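Taking it in order: structure first as structure tokens, then the write-up.
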Amino acid sequence: MLTAVVRGLGAATRRFLVETGAMWALVMVSLDRMFLGPLRGERMRLGATIAQAARAGAGSLPLVALISFLVGVILALQSLFQLQKLGAQSLVADLVAIAVTREMAPLLTAIIVAGRYGSSIAAEIGTMKVSQEVDALTVMGVDPYAFLVVPRLIALLIALPGLVIFADVMGILGGMTAVLLVLNQSGGAFLSDAAAALELRDIYVGLVKSVAFGGIIGLVGCRLGLAVGGGADEVGRATTSAVVRSIVLIIVIDLLVTAVFYVQG
Amino acid sequence: MSRAENTGRVLVRAQGLHKQMGGRTVLAGLDLEVRAGETMVILGPSGCGKSTLLRCLAGLERPDRGRVFLAGVDLCAASSRQVRAARRHLGMAFQGGALFGSLTLAENVELPLVEFSRLPASTRRILARIKLGMVGLEEAMDQLPSEISGGMRKRAALARALALDPEILMFDEPSAGLDPITAAGLDQLLLALKALNPVAMVVVTHEMESAFVIADRMVLMHEGKFLVSGTPAQVRASDHPMVRRFLDRRPPETLEGAHGLRRFFAEST
């Protein structure tokens, strides 16, 4: 009984270390191809990067807009009923603005993109592995990291902050709409309260987070896609774990970044 | 270099290849040499390790022991840059085609040109048309791989492998999964290609008829070893029992006479 537990723990630890090592190796290769590749005179894949950014960014825009607007409404309603007890309704705008920009917009956007785009990266690259397309690239002398990983990674590093700025705006508009309907307060007053409460720092903390989240989604999706060895069932599994693993890592990193920024003051 | 000088250069060489996979010996000390202008067929039943051998020759898999030289470059010792340079001399057609699904046939053929030449788009398109014309797919050049048949996909893969006029051509199971007429057509295509250009060809197959049509030399592989190697005539004349079994299409003992099946019916009735 005990030996089984210890053995299971050992196996899990080993898997964890192997995965961590593989992710680290992918980070190193990607950084090399991204920054040192162009210095070596390797091709920059601008067209592919733009196409991927459109898929990751523009493709997720409607969903990000809808969800951040609704979450803005929810946040405003929840805080309104609590703050009313203290007679502090006027703080709703501050709360919504800060919660959205610092936390909700980056987190929700990252989760949406992990579900929509991160999963599709894993499925696409995994299928290419199964059908030997990645081998075909290698045999042609085309580096699969430069060809497949880097455009997707750069696309995410650009698209996520863009989406988050958009989600910030939609979330605050959602909060404004809620207050408008419940309190009959003017929209202008809400927005000027929100603007007064926001510091530049709130926005850039959110953007720093979103860049980190974009990196996680891209690396996890590519790693799991490239790790596919067998057949169609493995592609399915890679797709699922790309989403699950991205979301877990996003929340862990979110916690770390938040802790660091609040300790700093 | 004149054609006479060009033929006979060793372009693919494997020395003492060993490979274990999942505790099983897949390659058990293989030596192989393929010269320019020569077609080497690696023949064998499924699971004998012939695809792994081909992957080692192309540098997609590393042997545990032994060395592989591709166009004179030691794939196991060279830098990744040198390996990539050596691969410019290699064209490879995979079993299922491995065409890029989001690109049309023409774009698939153009991809190596986009990567490794500075040709303008119009010239690339003309070259793609020529290469696809060589395999009889000029009409289908703007179709996606999903819109064409399996045999057409194999031919398109061949056209892509030819895009950079390689000196070495590797082909994994050209006739697997094709009807006999299409398969025979592909054999003729490979022969025509060789007549056109003195390339070194390595073809992996389990189809005997096809092997004897296209081979200059052939090896018969079984459980990671070469049972015989030589010209098609030499292989045909071999009296090695496994070779005879393979050439005469006799089933292995475990299945022979469907013994188990007969016993099963005897017991159940």
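The values are calculated or read from the model by the stated rules, or taken from the named source; none is laboratory data. These numbers were taken from a predicted model, which means no experiment stands behind them. Methodologically, a virtual Cβ is constructed for each residue, glycine included, from the backbone with ideal geometry; neighbour enumeration extends over all protein chains shown.
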Do any residues in region A:37-50 that are outside any loop (DSSP other than H, G, I, E, B) have Cβ atoms under 7 Å from those of residues that are surrounded by 14 or more Cβ atoms within 10 Å (Cβ to Cβ), where the two are at least six apart or on different chains, and which pairs are they? A:G37/A:A146; A:P38/A:M44; A:A48/A:P151; A:T49/A:P151; A:T49/A:I154; A:T49/A:A155
Can you find a residue that is under 25 Å from A:I251 (Cα atoms) and surrounded by fewer than 17 Cβ atoms within 10 Å (Cβ to Cβ) anywhere in region A:35-52? no
In region B:72-90, residues that are within 11 Å of chain A (Cβ to nearest Cβ), out of contact with any strand residue (DSSP E or B) (no Cβ under 9 Å at 6 or more places or on another chain) and not in a loop (DSSP other than H, G, I, E, B) total 3
Being within 20 Å of A:M34 (Cβ to Cβ) and of a type in the set (A, V, I, L, M) is the filter here; which residues of region A:123-147 pass it? A:I125, A:V134, A:L137, A:V142, A:A146
Given the residues B:L178, B:L186, B:L190, which is the only one that is over 19 Å from B:R55 (Cβ atoms) and either of a type in the set (S, T, Y) or not in a helix (DSSP H, G or I) (or both)? B:L178
Picking from A:S79, A:S60, A:S90, the residue that is surrounded by 11 or more Cβ atoms within 10 Å (Cβ to Cβ), closer than 26 Å to A:I216 by Cα and polar (S, T, N, Q) would be A:S60
Name the pairs: first residue in region A:253-265 and in a helix (DSSP H, G or I), second residue of a type in the set (D, E, K, R) and at pLDDT 85 or above, Cβ to Cβ under 7 Å, at least 6 apart or on different chains? A:D254/A:K209; A:V257/A:K209
Which residues, taken from region B:95-126, are touching a helix residue (DSSP H, G or I) at 6+ places or on another chain (Cβ under 6 Å) and either within 11 Å of chain A (Cβ to nearest Cβ) or under 22 Å from B:K154 (Cβ atoms) (or both)? B:G97, B:A98, B:L99, B:F100, B:G101, B:L105, B:A106, B:N108, B:V109, B:E110, B:P112, B:L113
Return yes or no: is A:A136 away from chain B (no Cβ under 14 Å) and either farther than 25 Å from A:G57 by Cβ or aromatic (F, W, Y) (or both)? no
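This table checks each residue for (1) of a type outside the set (V, I, T); (2) within 16 Å of A:L95 (Cα to Cα).
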site: A:I172; (1), (2): no, yes
site: A:G187; (1), (2): yes, yes
site: A:S192; (1), (2): yes, yes
site: A:V243; (1), (2): no, no
Of residues in region B:23-64 being aliphatic (A, V, I, L, M) and within 14 Å of another protein chain (Cβ to nearest Cβ), the one nearest to B:P232 (Cα to Cα): B:L54
Hey, B:S146 hydroxyl-bearing (S, T, Y), under 23 Å from the mean Cα position of the chain (by Cα) and either more than 10 Å from chain A (Cβ to nearest Cβ) or part of a helix (DSSP H, G or I) (or both) or not: yes
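The rows are residues; the columns are (1) surrounded by fewer than 18 Cβ atoms within 10 Å (Cβ to Cβ); (2) within 16 Å of the chain's Cα centre (by Cα); (3) modelled with pLDDT under 95.
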| site | (1), (2), (3) |
| --- | --- |
| A:F147 | no, no, yes |
| A:V150 | no, no, yes |
| A:G187 | yes, no, yes |
| A:L191 | yes, no, yes |
| A:K209 | no, yes, yes |
| A:D233 | yes, no, yes |
| A:I247 | no, yes, no |
